[in-house]
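Trainee: Just dropping this structure here.
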Amino acid sequence: MSVLSQISYTAFTFLLLLSVTLHRMHTTDTRTIESLTQEIGDIVAERQALRAAGASTGELEANRKRLTEAQAHLSRLLIASHLPHPEAA
């Protein structure tokens, strides 16, 4: 397989996975960009309070996982908001 073919295949695979992920998000999650931004702010404030209180590694790790999941979801929502909609095509 040539390098160009491999890049095209990789791009196609990425777009296919993104499409499936966005479809699942659209049908199963009602959070908005605004609500996720607020949620991330709340998780960050909680993290700062945990650190100030000398929280355990486990507590910080659980908070970190929630934070990264919320940030990843926000990223997907932002990407979806800039993709062309099928009815516009």
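The values are calculated or read from the model by the stated rules, or taken from the named source; none is laboratory data. Small disclaimer: the values here were computed from a predicted structure and weren't measured. Cβ sites come from the backbone with ideal geometry, for glycine too, and all protein chains shown count toward neighbours.
Trainee: Only one of (1) exposed (fewer than 11 other Cβ atoms within 10 Å of the Cβ); (2) at pLDDT 85 or above is not met by V44, so which one is it?
Mentor: Single failed check for V44: (1).
Trainee: Just one of the numbered conditions (1) at negative phi; (2) modelled with pLDDT of 70 or more is not true of G54; which one?
Mentor: Tallying (1) at negative phi; (2) modelled with pLDDT of 70 or more, G54 fails exactly one: (1).
Trainee: Another question, then. Determine whether T21 is of a type in the set (S, T, N, Q) and either at pLDDT below 95 or touching a strand residue (DSSP E or B) at 6+ places or on another chain (Cβ under 6 Å) (or both).
Mentor: In short, yes.
Trainee: What pairs come out if I take residues in region 69-81 that are modelled with pLDDT of 95 or more and buried (at least 18 other Cβ atoms within 10 Å of the Cβ) and pair them with residues that are part of a helix (DSSP H, G or I) and of a type in the set (D, E, K, R) whose C-beta lies under 8 Å away, six or more apart or interchain?
Mentor: Close Cβ pairs satisfying both conditions: A70/E39.
Trainee: State the number of residues belonging to region 44-68 that are under 22 Å from the mean Cα position of the chain (by Cα) and touching a residue at least 12 places away in the same chain (Cβ under 8 Å).
Mentor: 8
Trainee: Let me ask you something else. Within region 24-37, can you find the residues that are modelled with pLDDT under 70 and surrounded by 10 or more Cβ atoms within 10 Å (Cβ to Cβ)?
Mentor: R24, M25, H26
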